[in-house]
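Working notes, structure below.
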Amino acid sequence: MKGMGTTVEQALEQLKSTGVRMTPQRHAILSFLMASITHPTADEIYKSLSPAYPSMSVATIYNNLRLFVDAGLVRELTYGDDSSRFDADLSEHYHAICRSCGKIVDFDYPPLTQVETVASQETGFRVEGHRMEIYGQCSECSKPAN
């Protein structure tokens, strides 16, 4: 069972403390992200929320995602292609990525803090973090075609 680090309410409090006004749209985007396990793109968030928020534009979503990322509430995952995916789960976890459909699935593994220590010692870098990605085909994509 994975702990969802922050609740939407805690996240909103954190934003308010930095002077960010909480609009219904921001609340919707943040709630959607926190409930999502699929690491949606901005476009996917837009498609999911636009029926309920017809006045919300893709630009609104991008601007708010940027705001959430800057506030440290959301992590932006970039994987070579142009479409960033967004992850509201800030706990230490790793991702498995399907090369066929692009699906990203979280999995838990003890954090590889030793890697950071060794990297720092060998390179002189002040290490700020790392990410590990596993590549392959998800169970859907790897099913043999009938």
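Here are a few things to note about the model shown:
- Sole exception among (1) at pLDDT below 90; (2) more than 15 Å from the chain's Cα centre (by Cα) for Gln121, by number: (1)
- Filtering the stretch 120-146 to residues that are farther than 20 Å from Tyr79 by Cβ and surrounded by 14 or more Cβ atoms within 10 Å (Cβ to Cβ) leaves only Val127.
- Every residue from the stretch 106-131 that is of a type in the set (A, V, I, L, M, F, W, C) and touching a residue at least 12 places away in the same chain (Cβ under 8 Å): Phe107, Leu112, Val115
- Taken over the stretch 78-115, residues that are surrounded by fewer than 17 Cβ atoms within 10 Å (Cβ to Cβ), assigned to a strand (DSSP E or B) and among the hydrophobic types (A, V, I, L, M, F, W, C) amount to 3.
- Residues of the stretch 61-75 classified as within 15 Å of Met34 (Cα to Cα) and either in contact with a Cys (Cβ under 9 Å, 6 or more places away or on another chain) or loosely packed, with under 14 Cβ neighbours inside 10 Å (or both), total: 1
- Answer residue from the stretch 3-56, given it is surrounded by 13 or more Cβ atoms within 10 Å (Cβ to Cβ) and among the small types (Gly, Ala, Ser) and is nearest to Val105 (Cα to Cα) among those: Ser36
The values are calculated or read from the model by the stated rules, or taken from the named source; none is laboratory data. Predicted model, so just to flag it, every value in this text is computed and none were measured. Using ideal geometry, Cβ is built from the backbone for each residue, glycine included, and neighbour counts are taken over all protein chains shown.
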